[in-house]
Amino acid sequence: MMPPQMTDPLNAFIPHDEVLLPGAPEGALRGLRFAAKDIFDVAGHVTGCGNPDWLATHLPASATASAVERLLAAGADLIGKTITDELAYSLNGQNFHYGTPVNVNAPGRIPCGSSSGSASAVAGGAADFALGSDTGGSVRVPAAVCGIYGIRTSHGRVAIDGVMPLAASFDTVGWFARDPRLLARVGAVLMEEDTARLVGGAARLSDAFALAAPPVQAALEPLAARVEGLLGRRPAMQVGGLEDWMITFRKLQAREIWTQHGAWVEQVRPRFGPEIAARFEWARAVAGQPVGPEIQRRTAFGGLMAGMLREAGVLLLPTAPEIAPWRGLQGAAAQSFRDRTLSLTCIASLARLPQVNLPAEATVNGCPVGLSLIGPRGSDRALLGLAAQLAQLS
């Protein structure tokens, strides 16, 4: 049961535990409230990971995740843990057990996931900022469809100890905020100085834009032009074979997920929602097949993206191809949205790059859409600074 002192009209917070920790009396984030996705450990509390059987078969954490500790030390107050898709293995944001967090900026539509509760809490004003994780788009996509700022950091840039692993070679810490300046302030607490710079202007990924619905492309045009006006416009580029790269990502991710969680799934036989159950069955099947060329393809892809970023310091693309789908999305429609979205998000995931979502001023059918900036690995704080600078020009 939800603790009696907790009210949650957004259905953004976990219902089975209240996690409140005051921040340090002084610090760069003093007086701000933050939430953390329920895959981040907090000492003395069981990390539920979006599934009641996981909650029942794990002990309270003995230590708090480093990312949470840093924020507390900087003066921010932790006000709760947020709902996640089961074991963070989804982009929908509809939890079979705990319900769907509210997308206040697209009523009746999903917030997307798996960091759904964190995005909902920030968009709805319950938290000033919130931690999420991003393996295949789980911060970027909710940020886009909820109309807020969000970052997937360079792989390995933010300490991920005390965070439930999903697919370790893709897992990153990310966060949301309504204000890009706050997004950058959080980055200054969680990350050391950059190891790479943004040089060479901005280039659109034309095949990524082609995946987006025409109204989404039109809504993003003014913001994309503003980025190009600030940085200098470079000729458009093509990644090439986005659907094939998406399949490469999915197979690598599935193999890692089954290696990480397969033994628990087989031992406990947890009750998953239908979508998540099917996904774990697919991961089991992939892991049972001989290893294909995916690892070598990922290495080649990293080289391809590094070369493109030497020509243009920032790459532009739609964060998601559509506005948020209606609640209850399932079946072929859900798979289509997922595959098209992963065809966009796999770019930064495969190449271990940072990506920041900027909410567009224009909407589509009254719903938010987002433009993404991708920079070289290690340029995270520069990307955050760019997002703040662009907001000042609007």
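Computed quantities for the displayed model
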{"read-out": "The chain: relative contact order in percent, alpha carbon pairs under 8 Å with at least 6 residues between", "value": "19"}
{"read-out": "Ranked 170, 96, criterion: other C-beta atoms within 10 Å, fewest first", "value": "96, 170"}
{"read-out": "Cα gyration tensor, segment 33-190 - rounded (a/c under 1.5), prolate or oblate", "value": "rounded"}
{"read-out": "Cβ-based exposure ranking for 70, 140, in which fewest neighbours within 10 Å come first", "value": "70, 140"}
{"read-out": "Global size of segment 237-345 as Cα Rg and Dmax, reported in angstrom", "value": "16.5, 50"}
{"read-out": "Environment charge of residue 58, counting only residues whose C-beta is closer than 15 Å and scoring Lys/Arg +1, Asp/Glu -1", "value": "-4"}
{"read-out": "Efficiency of FRET from Cβ geometry, residue 269 and residue 169, R₀ 25 Å, rounded to 0.05", "value": "0.40"}
{"read-out": "Among (1) -0.81, -0.97; (2) -0.70, -0.85; (3) -0.96, -1.08, the entry that matches log10 I(q)/I(0) by the Debye sum over Cα atoms at q = 0.11, 0.12 Å⁻¹ as calculated here", "value": "(2)"}
{"read-out": "Radius 13 Å from Cβ of residue 30, net charge of other residues (Lys, Arg +1; Asp, Glu -1)", "value": "-1"}
{"read-out": "Listed residues 362, 58, 257: farthest to the positive end of the dipole of the chain (Cβ charges)", "value": "362"}
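Since every read-out is calculated from the coordinates, none of them should be taken as a lab result. These figures come from a predicted structure and were not determined experimentally. With ideal geometry, Cβ positions are generated from the backbone for all residues, glycine too; neighbour counts draw on all protein chains shown.
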